[in-house]
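Below is one structure, written out as structure tokens; comments come after it.
Quick note: the coordinates plus some simple rules give every number you see, no bench work behind them. All values reported here derive from a predicted model rather than from experimental measurement. Don't worry about glycine lacking a Cβ; one is built from the backbone with ideal geometry, like all the others, and counts go over all protein chains shown.
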């Protein structure tokens, strides 16, 4: 039995949800998000809470149960608080700055890297060595942060590159004489 799936998703004040068939649409202060569940689960709306229950006892229904409940929970969290990924830049001469909707990265290449922030995601650079990616869609925020990090992933010898703020880089020892 799914421990995650059993818990109902509470709707905070200012958030409304509408369930039509297998689709749930959640509206809040940060926007509107929707999710379509598979036919293996049932989504029901009660008083200030949304419950997800499996249809049947098949393995697939039990798998979809916890996942669907988490997706609904992420919708609610996205429209209330939003999601945030913080990136750090390490390296001499490596820096980032925003120009309009474009993130300009100097990462040791012969040219500057221009990264256009997609719709629904806010990218800011409060310092030259810090990048913050925010938005209501957890998957999109994570993908944008991963795309920025991919331009210069941290290397294991000096730790130069773009890393997540909470990421630990396993350091290697240099050459011996």
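Within segment 120-166, the residues that satisfy the criterion of being in contact with a helix residue (DSSP H, G or I) (Cβ under 9 Å, 6 or more places away or on another chain) and over 21 Å from residue 29 (Cα atoms) are 131, 161, 162, 163, 164. Taken together, 122, 53, 70 contain a single residue that is part of a strand (DSSP E or B), under 24 Å from the mean Cα position of the chain (by Cα) and under 27 Å from residue 12 (Cα atoms), which is 122.
Within segment 2-23, restricting attention to residues that are in contact with a helix residue (DSSP H, G or I) (Cβ under 7 Å, 6 or more places away or on another chain) and over 14 Å from residue 48 (Cα atoms), the residue that is surrounded by the most Cβ atoms within 10 Å (Cβ to Cβ) is 5. Total residues in segment 122-153 satisfying the condition of being more than 30 Å from residue 35 (Cβ to Cβ) and surrounded by fewer than 20 Cβ atoms within 10 Å (Cβ to Cβ): the figure is 8.
Taking the criterion of being surrounded by 16 or more Cβ atoms within 10 Å (Cβ to Cβ) and touching a residue at least 40 places away in the same chain (Cβ under 8 Å), the residues of segment 28-42 that qualify are 28, 30, 33. The residues listed here are 42, 23, 70; of these, the one that is touching a strand residue (DSSP E or B) at 6+ places or on another chain (Cβ under 7 Å) and within 20 Å of residue 137 (Cβ to Cβ) is 23.
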